[in-house]
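Some notes on the structure that comes next.
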Amino acid sequence: MNSKDFPTLIESSETGTSKSVMRKDFITPKLVAALDRCQLSLGDIVFVLEATIDALRCNIGEFPISKSSVQRIRTEKRKERMENIKIDFQNEVPDVVTLDWDDKLLPALSARKSK
């Protein structure tokens, strides 16, 4: 486990006020992947997260939980993951790549054979 797996405190300003609030950023890339895999709606995600935080006896006010915040955080984490994959791919280009798109496997392609 590394430090990316643990919640961090983030400072956010509430809309329409000058006060800033410290909230826990607990939605990790792994949690985003799990929620995506379960294909839950935003409303269901909010319900599950609130129930989980309540079951852990934490203060719900410390966590950014609303449909808009969950969607924003999911988008940010997906972009981060995409950038990490892109960087990893550029640093270590494999000899063979398999692309699975919509559960339809593409035939093996070779740039050398197509010439």
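Table for the structure above
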{"item": "Qualifying residue in segment 35-56 (condition: modelled with pLDDT of 90 or more, not hydrophobic (A, V, I, L, M, F, W, C) and not in a helix (DSSP H, G or I))", "result": "yes"}
{"item": "Qualifying residue in segment 61-81 (condition: in a helix (DSSP H, G or I), more than 12 Å from Leu31 (Cβ to Cβ) and among the aliphatic types (A, V, I, L, M))", "result": "no"}
{"item": "Residue match in segment 30-37 (condition: in contact (Cβ under 8 Å) with a residue 12 or more places away in the chain and among the basic types (Lys, Arg))", "result": "yes"}
{"item": "Pairs with Cβ under 7 Å, 6+ apart, first in segment 67-96 and within 25 Å of Gln39 (Cβ to Cβ), second of a type in the set (Gly, Ala, Ser)", "result": "Lys67/Gly43"}
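The values are calculated or read from the model by the stated rules, or taken from the named source; none is laboratory data. Nothing here was measured: the structure is a model prediction, and the numbers come from that model. Glycine also receives a Cβ, built like all others from the backbone with ideal geometry; neighbour counts cover every protein chain displayed.
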